[in-house]
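Below: the structure, in structure tokens.
What follows draws every value from the coordinates through simple rules; no lab data is involved. Everything quoted here is computed from the prediction, not taken from an experiment. Quick reminder, even Gly has a Cβ in these numbers, built from the backbone with ideal geometry, and neighbours come from all protein chains shown.
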Amino acid sequence: ARRARGRRAMEGGGACACCAECGTRPHHTFWLNKDCCGLICASVTNGLLAYAEYVVLTVIIWPWLGNTLWGALHGVAFTAVVILAVASHYKAMTTDPGAVPKHAVPADFEPGDSGKSYRVCLKCDSFKPERTHHCSICERCVVKMDHHCPWVNNCVGLGNHKFFLLFLFYVFFASAYAMALLASRWIHCTGHTPSRRRDRLRGRRNHFPAGSSPQEAVIEAAVEAAADSAIDTVASNVFPECDLSTGSHVMLFILLLEAILFGLFTMCMMCDQWSVVLTSAT
């Protein structure tokens, strides 16, 4: 019946009708919390993942490893991790976390049993089983509700706990992967920046003795200028992947901060969620 209502809404009202079918109420056919703050947080999460993908591919892997086998492997691997993180985030956001149906009753309750009673939520007026909590944002009672996460714009409960754990793992892995690539590139480029290479080459250059005539002085100056130009060319071309612009350095610094913050946050969350899984406590 819910699918039939969804099809009729799509045929009759287009995008507006589709939006009307999204929500967390019992009559909605597609689960999506319309909380403005949650939608912004979810969009920021996907934006940060897209930013990490762009910087890793265009600033780290492509200039450093280029069209090599290792470059292709790292590019495909990191992209796959980001795609899995986005997919698990989408599933955690759009999956019913375990909301109690509006007219649900205990399994052993019969309509004619006037002597039996069951617990009812005072906020949504629905049956409230054990280990069920009411979410004021979703406005539903959720079975085994752990918490409401603004980053996935949804409650974390019985229905989407698996997707939330996968999202944490993939984000943590992407953060660790990005930091490993940053560290590897830094080690590779240590001592190979253009300024340091230029200083070493100039230190090894044989200087001509001072000329005793103006003609020899002119020749010496021309040779010195040609040598400096050659040194600048060699210093810039030997390790071009280490010669980055100021904007690229800023993007790498932002990526490092993002990887550290998200890595620590998801690691703490995974430890907390692991204890929840082991103790079966919500």
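A few comments on the model shown:
- Pairwise label distance in nanometres, residue 77 with residue 40, each label 7 Å out on the Cα-Cβ vector: 3.8
- Pairwise label distance in nanometres, residue 109 with residue 87, each label 7 Å out on the Cα-Cβ vector: 4.0
- Note on residue 51 and residue 131: with the Förster distance fixed at 25 Å, the Cβ-Cβ geometry gives a FRET efficiency of about 0.05.
- Residues residue 279 and residue 118, FRET efficiency given R0 of 35 Å [Cβ-Cβ distance, rounded to 0.05]: 0.85
- R0 of 45 Å, Cβ-Cβ distance residue 19-residue 190: FRET efficiency to nearest 0.05: 0.25
- Long-range amide H partners of residue 143 with built H, under 5 Å: 99, 100, 158
- Report note on the peptides 86-97, 48-59: ranked by the mean count of other C-beta atoms within 10 Å, highest first, their order is 86-97, 48-59.
- Chain lengthening between residue 250 and residue 162 when straightened (0.36 nm per residue, less Cα-Cα): 28.1 nm
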